[in-house]
Protein chains: 2
Amino acid sequence: MQELLPTEQAIFDQLKQQISDVYHHYGFLNIETPIIERSEVLLAKAGGDTEKQIYMVSKTAESADSADQALRFDHTVPLARYIVEHNNNLAFPFQVTQIGRNFRGERAQRGRFREFYQCDCDIIGREKLPIAYDAKVIACIHDALKTFDLPEMNIRISNRKVLSGFLTAIKTADKAAEISNIIDHAEKVPLEKSRAALEELRLTSDQVEKIIAFMFTNGSYAEIEAKLTEIIGDLTPVREGLNELEEVFDILNSIEGMSDIIIDFMIIRGLDYYTGTVYETFLKDYREIGSISSGGRYENLAGNFSDQKFPGVGGSIGLTRLFYVLNEQKLLNTETSAPVDYVILPLSSAEYSSAIKLANQLRAKGNAVDIDFDDRKLGNKFNRAAKIAKYAIVVGSDEAASGNYQAKDLATGETKPLAI
Amino acid sequence: MQELLPTEQAIFDQLKQQISDVYHHYGFLNIETPIIERSEVLLAKAGGDTEKQIYMVSKTAESADSADQALRFDHTVPLARYIVEHNNNLAFPFQVTQIGRNFRGERAQRGRFREFYQCDCDIIGREKLPIAYDAKVIACIHDALKTFDLPEMNIRISNRKVLSGFLTAIKTADKAAEISNIIDHAEKVPLEKSRAALEELRLTSDQVEKIIAFMFTNGSYAEIEAKLTEIIGDLTPVREGLNELEEVFDILNSIEGMSDIIIDFMIIRGLDYYTGTVYETFLKDYREIGSISSGGRYENLAGNFSDQKFPGVGGSIGLTRLFYVLNEQKLLNTETSAPVDYVILPLSSAEYSSAIKLANQLRAKGNAVDIDFDDRKLGNKFNRAAKIAKYAIVVGSDEAASGNYQAKDLATGETKPLAI
């Protein structure tokens, strides 16, 4: 678990607030689903590694076998349950954000925590959802990340329909899962290893070379269309996916202030979840920290819970991990100002009521104001104040009588009359 | 568990933000402790009913017996662990706030939820902590509640040292736990029932009458001192508690805009936790909804974890329950404005880029702006917009070309030119 000191927490909270503000400015509505869900809801979607990582919950009094509750491991499964349960009271397309903690009993490793914040935004349609929303989610998350004042980003997008159309075109659709997995990991291993993995699938050498050419296909829409034509000739099998990619690419490129967008067929995003657009975001000069946000389109959010079809598109910022890696790379602005504006130091209890009055005047102007009632030496009080605040104000009998206060800048030591 | 629709959630979020802002303005530093704690940490302090209500946590792969983790049931126990763990990096007195969810497997009942928000503020000293901080915590929580725009409040304060001094004075200190419990419940039962319960403790009738007189002692400091003298004569056994009460009472009364403060010896706040000041806050005309905030002084926060002494004082707003009861009593301002300011309605994909440009201009001014890319009829889009937003803006080819937009007020139907 991550646990921060107050100064680090203030930076974390500020970043979380910035994400929340941008999501709000994009018109997303906030909801909070419970952290504890019925385990059957969570297990219906989990599968594989995730299932092993789920935290089960039981009351002390009960035996563990009776445990039918668990901690959510992401926001998506509770969202699916929420949509099915409340869909009559929601306005579709439903633009929704969830910012909160999720839980996975992962093996402890650098930057991975068992309790972690995810900041999700999703747009859910009823029956259908136009592809322009895919661009909207990506643009929104991009704008949220831009508030972090990070080095240059680029956004790599792909489309799962292009991948599956391509595999059909080269007659390898029956090995789609294995091939997807190899492409998904290609960036982290030498090319020869990916090639060897493909060869182990008993593909022809022509198929292997085409897959390798495919996974290194990236660039603008015009570029990838030309490259794909070179590889498979007739584009009919990938046409639907290409049209979607083109629309998303064009919309994103039309937005002023967008970072580089490239289409990149190496982007896969896991195996069985996404059905159309997929994207990942990277810091250009910090590829080693991996994707800082990702997401995509899923054709049916609530297939496990409902006969109604709820197509959606979403993206997520894994804030706990992101905070950790940005901190490690010294990419966080840790020079944020002290969390408290003024610490007021009454010299004796005779000045308490003046100190309180002064504090409330400063608070009414939006300042964070602490009063130190402690009876230690003034020097000790100044030391404490310097750790948390910008200014200190001593309130003695003279100041209380005259109402003229001096604010001492705790960074420079400079003292100036306080104007209220 | 409570789960809110987006419009209710927006009200809840707003109240949470108001509390957080006031805590911040009072100079409290925010921290977040993990939701999952080692169960030995939690069980060290729980005891009684609370222990039975703790949610144990285990990974699916593990047997339940190995479960050594649990969900926090309040913020105080994790805070104690945090202080002991990080005390070398904290500035004391440490003013700290925690706003987050806690978990208790309580029997389901109206307004009680198993997953609930608590908004705590605490001030922790090292070795000692002046009594003025007790007033500060109460004033801070009072100001936070004032932002809710509620009917008149009053704050009832007492001091556990007065209670124990009084019980010593009338020679009933050996039955302190039972008597405290009877006083604690006296408000909810007829007087004769409290009297009968006291008589069952084999007290003399003089002792019984003195306890009853004590528990109905309330008013200003001068008033309660006079009444207490009538009951027990010599005030020496209660002097320390009275001095503390007087200081807290005087400071609170000196603050402009404070609600009624009364000293009231019927306020007990449970049995084994608090050691000095205790307080509860009520809505004068809605006593039936119970206390809306409470807290007090504890002489040693971390006695279970450390040899160092960390005296503290804290208060808490149980926001989930408070939201529920205020909503039920129609005391919430549910007329909050729509969460979205503008919904932009492009008539075709040819206007998408104009719509996005317009949206970003409005967002840059702090507005929440949604773009509806859906391909349903315009009437349906207006219906959706009216559910979430204040204004709708249609973007057709004319508007896109001229840059002249009309904003339709979705409440009144009125249309006005949009000034950007």
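The values are calculated or read from the model by the stated rules, or taken from the named source; none is laboratory data. Everything numeric in this text was worked out from a predicted model, so none of it was measured. Note that we place each Cβ from the backbone using ideal geometry, even for glycine, and neighbour counts take in every protein chain shown.
Any residue at all in the range B:194-206 that's of a type in the set (Asp, Glu) and in a helix (DSSP H, G or I)?
yes
Could you list, in sequence order, the residues of the range A:218-257 that are outside any helix (DSSP H, G or I) and hydrophobic (A, V, I, L, M, F, W, C)?
If the condition is that a residue be outside any helix (DSSP H, G or I) and hydrophobic (A, V, I, L, M, F, W, C), then A:Leu235, A:Ile255 are the ones that fit.
If we only count strands (runs of 3 or more DSSP E) wholly inside the range B:337-420, which ones have 1 or more residues that are touching a residue at least 12 places away in the same chain (Cβ under 8 Å), more than 30 Å from A:Lys146 (Cα to Cα) and within 40 Å of the chain's Cα centre (by Cα)?
Working: elements: B:340-346, B:369-371, B:389-395, B:406-409, B:415-417.
Correct list: B:406-409.
For B:Glu280, are the conditions met, namely being within 14 Å of chain A (Cβ to nearest Cβ), in contact with a Lys or Arg (Cβ under 9 Å, 6 or more places away or on another chain) and not in a helix (DSSP H, G or I)?
When the stated conditions are applied, B:Glu280 does not pass them.
Restricting to the range B:191-245, give me the number of residues that are small (Gly, Ala, Ser) and surrounded by 17 or more Cβ atoms within 10 Å (Cβ to Cβ).
Total satisfying the criteria: 3.
Find the residue count for the range A:247-302, including only residues that are out of contact with any Leu (no Cβ under 8 Å at 6 or more places or on another chain) and of a type in the set (A, V, I, L, M, F, W, C).
12
Only one of these conditions is not met by B:Ser158: (1) within 14 Å of chain A (Cβ to nearest Cβ); (2) part of a strand (DSSP E or B). Which number is it?
Result: B:Ser158 passes all but (1).
With respect to A:Ile344, is the statement that it is more than 30 Å from A:Asn88 (Cβ to Cβ), of a type in the set (Val, Ile, Thr) and within 14 Å of chain B (Cβ to nearest Cβ) true?
yes
Condition test on A:Asn367, is it among the polar types (S, T, N, Q), in contact with a His (Cβ under 9 Å, 6 or more places away or on another chain) and either buried (at least 17 other Cβ atoms within 10 Å of the Cβ) or more than 14 Å from chain B (Cβ to nearest Cβ) (or both)? Give the steps one after another, and end with the answer.
Working: among the polar types (S, T, N, Q): yes; in contact with a His (Cβ under 9 Å, 6 or more places away or on another chain): yes; either buried (at least 17 other Cβ atoms within 10 Å of the Cβ) or more than 14 Å from chain B (Cβ to nearest Cβ) (or both): yes.
So A:Asn367 fits the description; yes.
List pairs: first in the range B:122-134 and within 9 Å of chain A (Cβ to nearest Cβ), second among the basic types (Lys, Arg) and surrounded by fewer than 19 Cβ atoms within 10 Å (Cβ to Cβ), Cβ under 9 Å, 6+ apart or cross-chain?
Matching pairs, first to second residue: B:Gly125/B:Lys309; B:Lys128/B:Lys309.
Give me a count of the residues in the range B:1-17 that are more than 7 Å from every other protein chain (Cβ to nearest Cβ), of a type outside the set (S, T, N, Q) and within 16 Å of the chain's Cα centre (by Cα).
4
When you look at A:Ser180, is it buried (at least 19 other Cβ atoms within 10 Å of the Cβ) and either assigned to a strand (DSSP E or B) or not assigned by TED's automatic domain parsing to the domain that holds A:Lys136 (or both), yes or no?
No, not satisfied.
Scan the range B:183-193 for residues that are assigned to a helix (DSSP H, G or I) and farther than 14 Å from B:Gly290 by Cα and jot them down.
The answer is B:Ile183, B:Leu191, B:Glu192, B:Lys193.
For the list (1) at the interface with another protein chain (Cβ under 10 Å from one of its Cβ atoms); (2) without any contact (Cβ under 8 Å) to a residue 40 or more places away in the chain; (3) surrounded by fewer than 18 Cβ atoms within 10 Å (Cβ to Cβ); (4) more than 14 Å from B:Ile31 (Cα to Cα), I need the number of the one condition that B:Gln109 fails.
Only one criterion is unmet by B:Gln109, namely (1).
Taking the range B:18-52, which residues are within 18 Å of the chain's Cα centre (by Cα), under 23 Å from B:Gly270 (Cβ atoms) and more than 10 Å from chain A (Cβ to nearest Cβ)?
B:Ile19
Looking only at the range B:161-177, decide whether some residue is touching a Ser or Thr at 6+ places or on another chain (Cβ under 6 Å) and under 30 Å from A:Arg376 (Cα atoms).
No, because not a single residue in the range B:161-177 is touching a Ser or Thr at 6+ places or on another chain (Cβ under 6 Å) and under 30 Å from A:Arg376 (Cα atoms).
Out of curiosity, is A:Glu187 within 14 Å of chain B (Cβ to nearest Cβ) and more than 19 Å from A:Gln18 (Cβ to Cβ)?
no
Please work out which residue is nearest to the other protein chains (Cβ to nearest Cβ), limiting yourself to the range B:55-79 and to residues that are part of a helix (DSSP H, G or I) and either in contact with a helix residue (DSSP H, G or I) (Cβ under 6 Å, 6 or more places away or on another chain) or modelled with pLDDT of 85 or more (or both). I'd like the intermediate steps shown before the answer.
Start the filter on the range B:55-79 by keeping residues that are part of a helix (DSSP H, G or I), which leaves B:64-66, B:76-79.
With either in contact with a helix residue (DSSP H, G or I) (Cβ under 6 Å, 6 or more places away or on another chain) or modelled with pLDDT of 85 or more (or both) added as a condition, the list becomes B:64, B:76-79.
Working: B:Ala64: 3, B:Thr76: 16, B:Val77: 14, B:Pro78: 9, B:Leu79: 11 Å.
Result: B:Ala64.
Give the range B:80-106 a look and list any residue that's of a type in the set (Ser, Thr, Tyr) and part of a strand (DSSP E or B), or say none.
B:Thr97
When both residues are 6+ apart or on different chains and their Cβ atoms are under 6 Å apart, which pairs have a first residue that lies in the range A:6-29 and is assigned by TED's automatic domain parsing to the domain that holds A:Ala91, and a second that is buried (at least 22 other Cβ atoms within 10 Å of the Cβ) and among the hydroxyl-bearing types (Ser, Thr, Tyr)?
Short answer, once both residue conditions are applied: A:Tyr23/A:Thr97; A:Phe28/A:Thr97.
Quick check on my filter: what residues within the range B:80-98 are at the interface with chain A (Cβ under 10 Å from one of its Cβ atoms) and of a type in the set (A, V, I, L, M, F, W, C)?
B:Leu90, B:Ala91, B:Phe92, B:Phe94, B:Val96
Among the residues of the range A:94-123, write down those that are at pLDDT below 85 and of a type in the set (Gly, Ala, Ser).
The answer is A:Ala108, A:Gly111.
Restrict the check to the range A:163-170 and report whether at least one residue is in a helix (DSSP H, G or I), assigned by TED's automatic domain parsing to the domain that holds A:Ile232, under 17 Å from the mean Cα position of the chain (by Cα) and not acidic (Asp, Glu).
Looking for residues that are in a helix (DSSP H, G or I), assigned by TED's automatic domain parsing to the domain that holds A:Ile232, under 17 Å from the mean Cα position of the chain (by Cα) and not acidic (Asp, Glu), one finds none in the range A:163-170, hence no.
Which of the residues belonging to the range B:381-419 are touching an Asp or Glu at 6+ places or on another chain (Cβ under 6 Å) and not hydroxyl-bearing (Ser, Thr, Tyr)?
Answer for the range B:381-419, where residues must be touching an Asp or Glu at 6+ places or on another chain (Cβ under 6 Å) and not hydroxyl-bearing (Ser, Thr, Tyr): B:Lys381, B:Lys390, B:Val395, B:Ala400.
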